[in-house]
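The values are calculated or read from the model by the stated rules, or taken from the named source; none is laboratory data. Not measured: the values here are computed from a predicted model. Don't worry about glycine lacking a Cβ; one is built from the backbone with ideal geometry, like all the others, and counts go over all protein chains shown.
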Amino acid sequence: MFTKKKLIVFAIVCAIFAAGEYWIFSTIQASFEKNAAKEITALARAIAASAPENNESLASWTEQLPSTYHGYRFFAFKGVPGEEGSEPAGGDSALSELWKLPSNADIAAKAAESVSYLEVFRWPSRVTFAGVPYTLIIAPVPDAEGSSARAALLIAADASGYVAFGRLVQTLAVVTFVLFALGFGIATFSRDPISGYAILVLAAVVVAFVAYPLFEAVRLTLIKQGRFSFDVWKTILSNRQYLQALWGSIQLGIVTATISTFIGFMYAFAVARTSMKGKKLVTALATMPVISPPFSLTLSIILLFGKNGIITKQWLGLQNFNIYGLGGLALVQTISMFPIAFLTMQGVLQAIDSTLEDASLDLNASRWHTFSHVTLPLAAPGLLSSWLLVFTNSLADFANPLLLSGSYRVLSVESYIEVTGMSRLNNGAALSLLLLLPTLTAFLVQRRWVSRKSFVVVTGKPSTRLSDLAAPGARRALTGFVVVVSGLIVALYLTIVAGCFVKNWGIDYTFTLVNIHEALTRGKQALISTITLAGIATPIAGVLSMVAAVILVRKKFPGKRILESLIMTPFAIPGTLVGISFILAFNKPPLLLVGTGAILVINYVIRELPVGLEGGVAALRQIDPSIEEAAADLGADQATIFRTIILPLIRPAFISSMSYTFVRSMTAVSAIIFLISARWYHITIQIYNFSENLRFGLASVLATTLIIIVLAVFGLMRLLIRQSEFLEKTVTAQ
């Protein structure tokens, strides 16, 4: 570890590296400044040479120059300043005041002397006007013979770009030195350099692509014209339209979360705690909305219940029926998000030890009493978690409100309009940050309530049998409920498929195959781009999430909790905020990524990294560390242990992480809608554009294609990962 010799070597090497780095970066910056000075000097001579021959016209000429040379300020003197007969001709008064300052008298005298010799003088330091740095040049205006100066021209050139470049060079120098010092320090002092490098790389990734973009988003809402200000937040919190959108999001979230949690619990109870038939089919249908494109169910709702919907207009003859607004949004979000509650509650209900329920029934308690006093209280944390998950997803949902909100306002759409429609990035960032307020409040309330109660069931041996708590009548009612909801899901997806073969939905239901050819032709490039970028992101996210899981579970190091929190942060924030923060952070040096495919890949990886991490952590905690210790004792290094022992043992979590990343990348909307470009388009945005232009047939074809691709990936995942039959529980009737 740390010895005197190692510390001396480390200090000497870092000093040598710092000296060499300083020489390299200072040379780069000096060369840039020198070339910039030459360019400005040459431009100043050219501008001065174009001055009108009559000195009386200098004033009007000087006033017209800023319209030709944007970012420049001008002021002209007749004659040489300081000499007899010299007087101001006109121009920017700020330059005149600067020239007259007593503190600048010596510099002004030197400038006047240079002008008298027909030389261009550059002010030794930059000057600042209204917070903007300028380079000041004094250029002579030669007479007709070119032998003397008949006038002088003060030129202030905007130096913001040069200052930004200087800061960039300095930042790169500091970052380079820090990375070298950390890397060399790990190699010198660490007993496990590979793990140290992995921690360093992971920390660099989350700082660069999580912390930095969020910092930029927050900074934008608090900085105005280079100064700290709450003006943006005052505008947001005092605007009735924005507050109405906030309440609209909360109202929609409460309605959706409540109904979705109820339906999800009914589904989970029917599958996990009754002897209902066809459970695998029901489970497959219930998970369909989770893995399908976000616009698919919205599209089918419009096709069925819109103004020209087959049910509302063709079957029921309704003329003024309006599916847009809170009702339609709650319907489509409930169908889209109840599977989240179902999957959460299914695991909770299966994990409850049935012996407590058996004991209650043995003591002559009714099934309802056992359910209400034993099963339901033990499932309460799962119910609250389900509600919170759906509530959070509803607030962050962007795709469904984009098509179905109508006049109903929600914050996610308002932030999108602020950025793309109004070009007000600061307002859009503030609105997206505002979405975190109800989410964090609900989360803290849930955590506080759960922490005040105990839901632990202590058992000696886990039971492989679950009791059927539903009476025959209740079982039939549950089965009927599940069948009705499942039938609605099937009808919605069949509607999408049917829309592929209809000439003009709502007007002309003639069978046609034209939609398929046109949609695949027009959407070919977007489909190829989406599959390509998702394919690139998938293995990166899979490996990175497993490496992060190993580091966080098996290693101890300073800042571990901070690193874990940063990795999990993208899961808790709305996609619109991620997209806006990426625009702010990566639309300027040193990471100019906006408009490239790289920013989409990074977005996919960062957004889905938390899910892969959670899966990897859960899998690693089931593996005895002594296996890895034995391999290390036999001489295997960390890379070999990870490749030959850890990765094979956590293969299900690894494959699940990659599959989830691929599917979510294929169906992403909220963040990538800000990041796409003409070169790198996305298939979901193409579906949205077709829907907005009422080309429902084309949208249906692309949605169906996307569903087929996603189902194929999930089918492959199920083949690669099979649950052990010894881990399954059976439900027996009482």
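Counting only residues that are in contact with a Ser or Thr (Cβ under 8 Å, 6 or more places away or on another chain) and in a loop (DSSP other than H, G, I, E, B), the stretch 93-128 holds 4 of them.
Tell me, which helices (runs of 4 or more DSSP H) wholly within the stretch 166-242 include 1 or more residues that are more than 30 Å from residue 637 (Cβ to Cβ)? Give the derivation first.
Details: elements: 193-206, 212-222, 231-238.
Passing ranges, in order: 212-222, 231-238.
On the stretch given as the stretch 228-259, residues that are without any contact (Cβ under 8 Å) to a residue 12 or more places away in the chain and not hydroxyl-bearing (Ser, Thr, Tyr) total 9. Within the stretch 570-624, being surrounded by 24 or more Cβ atoms within 10 Å (Cβ to Cβ) and not in a helix (DSSP H, G or I) holds for 574, 586. Among the residues examined, residue 371 does not qualify as within 27 Å of residue 301 (Cα to Cα) and either in contact with a helix residue (DSSP H, G or I) (Cβ under 9 Å, 6 or more places away or on another chain) or at pLDDT below 80 (or both). It is to be established whether one or more residues within the stretch 52-70 are under 48 Å from the mean Cα position of the chain (by Cα) and outside any helix (DSSP H, G or I). There is at least one residue in the stretch 52-70 that is under 48 Å from the mean Cα position of the chain (by Cα) and outside any helix (DSSP H, G or I). Of the residues making up the stretch 380-401, not a single one is more than 18 Å from residue 259 (Cα to Cα) and among the polar types (S, T, N, Q).
Tally time: how many residues in the stretch 405-417 are crowded, with 24+ Cβ neighbours inside 10 Å and in a helix (DSSP H, G or I)?
In the first step, residues of the stretch 405-417 are kept if they are crowded, with 24+ Cβ neighbours inside 10 Å; the result is 410-412, 414-415.
Retained after the next criterion (residues that are in a helix (DSSP H, G or I)): 411-412, 414-415.
The total comes to 4.
In the stretch 420-436, the residues that are on the phi < 0 side of the Ramachandran plot and assigned to a helix (DSSP H, G or I) form Cβ pairs under 6 Å with partners that are crowded, with 23+ Cβ neighbours inside 10 Å and of a type in the set (Ser, Thr, Tyr), at six or more places apart or across chains, as follows: 426/221; 428/415; 429/221; 430/221; 431/415; 432/415; 432/576.
Conditions tested, residue by residue: (1) at pLDDT below 75; (2) more than 25 Å from the chain's Cα centre (by Cα); (3) hydrophobic (A, V, I, L, M, F, W, C).
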position	(1), (2), (3)
339	no, no, no
347	yes, yes, no
351	yes, yes, yes
363	yes, yes, yes
391	no, no, yes
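Any residue at all in the stretch 564-576 that is modelled with pLDDT of 90 or more and either touching a strand residue (DSSP E or B) at 6+ places or on another chain (Cβ under 9 Å) or of a type in the set (Phe, Trp, Tyr) (or both)?
Looking through the stretch 564-576, none of the residues is modelled with pLDDT of 90 or more and either touching a strand residue (DSSP E or B) at 6+ places or on another chain (Cβ under 9 Å) or of a type in the set (Phe, Trp, Tyr) (or both).
Working carefully through the options 684, 661, find the one that is β-branched (Val, Ile, Thr), touching an Asp or Glu at 6+ places or on another chain (Cβ under 9 Å) and part of a helix (DSSP H, G or I).
Numbers: 684 fails: touching an Asp or Glu at 6+ places or on another chain (Cβ under 9 Å).
Unique residue meeting the criteria: 661.
Annotation: of all residues in the stretch 305-349 being touching a residue at least 12 places away in the same chain (Cβ under 8 Å) and small (Gly, Ala, Ser), the one that is farthest from residue 282 (Cα to Cα) is 325. Within the stretch 702-718, the set of residues being touching a residue at least 24 places away in the same chain (Cβ under 8 Å) and closer than 21 Å to residue 499 by Cα comprises 702, 703, 704, 705, 706, 707, 709, 710, 711.
Of the residues that sit in the stretch 489-503 and are among the aliphatic types (A, V, I, L, M) and in contact with a helix residue (DSSP H, G or I) (Cβ under 7 Å, 6 or more places away or on another chain), which one is farthest from residue 286 (Cα to Cα)?
Step one: filter the stretch 489-503 for residues among the aliphatic types (A, V, I, L, M), giving 489-492, 494, 496-498, 502.
Those still in the list that are in contact with a helix residue (DSSP H, G or I) (Cβ under 7 Å, 6 or more places away or on another chain) too: 489-490, 492, 496-497, 502.
On the way: 489: 8, 490: 10, 492: 13, 496: 17, 497: 18, 502: 27 Å.
It comes out as 502.
Looking across the stretch 127-146, the residues that are in contact (Cβ under 8 Å) with a residue 12 or more places away in the chain and either surrounded by fewer than 15 Cβ atoms within 10 Å (Cβ to Cβ) or under 14 Å from residue 49 (Cβ atoms) (or both) come down to 129, 131, 137, 139, 140, 141, 142, 144, 146. Among the residues of the stretch 16-40, just one is surrounded by 14 or more Cβ atoms within 10 Å (Cβ to Cβ) and polar (S, T, N, Q), namely 29. Among residues of the stretch 71-113 being exposed (fewer than 14 other Cβ atoms within 10 Å of the Cβ) and of a type in the set (Ser, Thr, Tyr), the one that is nearest to the chain's Cα centre (by Cα) is 93. Screening the candidates 703, 678 for the property of being among the hydrophobic types (A, V, I, L, M, F, W, C) and outside any helix (DSSP H, G or I) yields one hit, 678.
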